[in-house]
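Everything on this sheet refers to the single structure shown next.
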Amino acid sequence: MEQQYAAVDSCITGLIARIEVLESKIDPLVQQLGGTAESGAIREGEVTNIEGVWNSHFGLLHQITQHGAAFAWYIDSIHECGTGTIDGTRLTVSWHGDNGSGSGTGLLVLGPSGEVIAIEMDNGN
């Protein structure tokens with residue numbers, strides 16, 4: 001059990017370091033573009049908040065943390081860590097965990113007032 005916690009801790013530490021590097025590069029750009037969208041459609045260069053718990057089509061709970069356009073997630077049940085970036089409504093992600101590793105792209109699905117109502121990935125999740 002200690003090895004499992006050490007692996008998770010190492011994964012999270014690595015994710016935090018990667019997010020901090022991305023944040024240092026992305027945040028100044030977001031500020032130059034006028035910050036994030038409060039409501040309505042996402043304009044190019046704006047970053048939408050997806051932080052929180054999301055349930056996948058496979059029934060897996062993703063705990064997402066976000067800093068600017070960079071985000072990371074952890075899925076406890078399969079010990080999966082992942083990172084990604086948001087560009088408008090497009091996502092680019094990579095991950096590794098008990099079920100292997102990979103990368104992909106996805107889209108944020110927006111509701112009528114511009115809020116994110118779903119995340120659709122190219123792997124069907």
_Number of the condition not met by Val93 [criteria: (1) more than 11 Å from the chain's Cα centre (by Cα); (2) aliphatic (A, V, I, L, M); (3) assigned to a strand (DSSP E or B)]_ = (1)
*Quick check: anything in the stretch 70-79 of a type outside the set (Ser, Thr, Tyr), in contact (Cβ under 8 Å) with a residue 40 or more places away in the chain and either farther than 27 Å from Ala7 by Cβ or in contact with a Phe, Trp or Tyr (Cβ under 8 Å, 6 or more places away or on another chain) (or both)?*
no
*State whether the residues of the stretch 61-82 include one that is part of a strand (DSSP E or B) and surrounded by fewer than 13 Cβ atoms within 10 Å (Cβ to Cβ).*
no
*How many of the residues making up the stretch 80-125 are among the acidic types (Asp, Glu) and in contact with a Phe, Trp or Tyr (Cβ under 7 Å, 6 or more places away or on another chain)?*
1
_Within the stretch 78-115, tally of residues that are modelled with pLDDT of 90 or more, among the hydrophobic types (A, V, I, L, M, F, W, C) and farther than 26 Å from Thr13 by Cβ_ = 3
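The values are calculated or read from the model by the stated rules, or taken from the named source; none is laboratory data. Every value quoted in this text rests on a predicted model; they were computed, and no experiment measured them. Here Cβ is always computed from backbone atoms with ideal geometry, including for glycine, and neighbour counts include all displayed protein chains.
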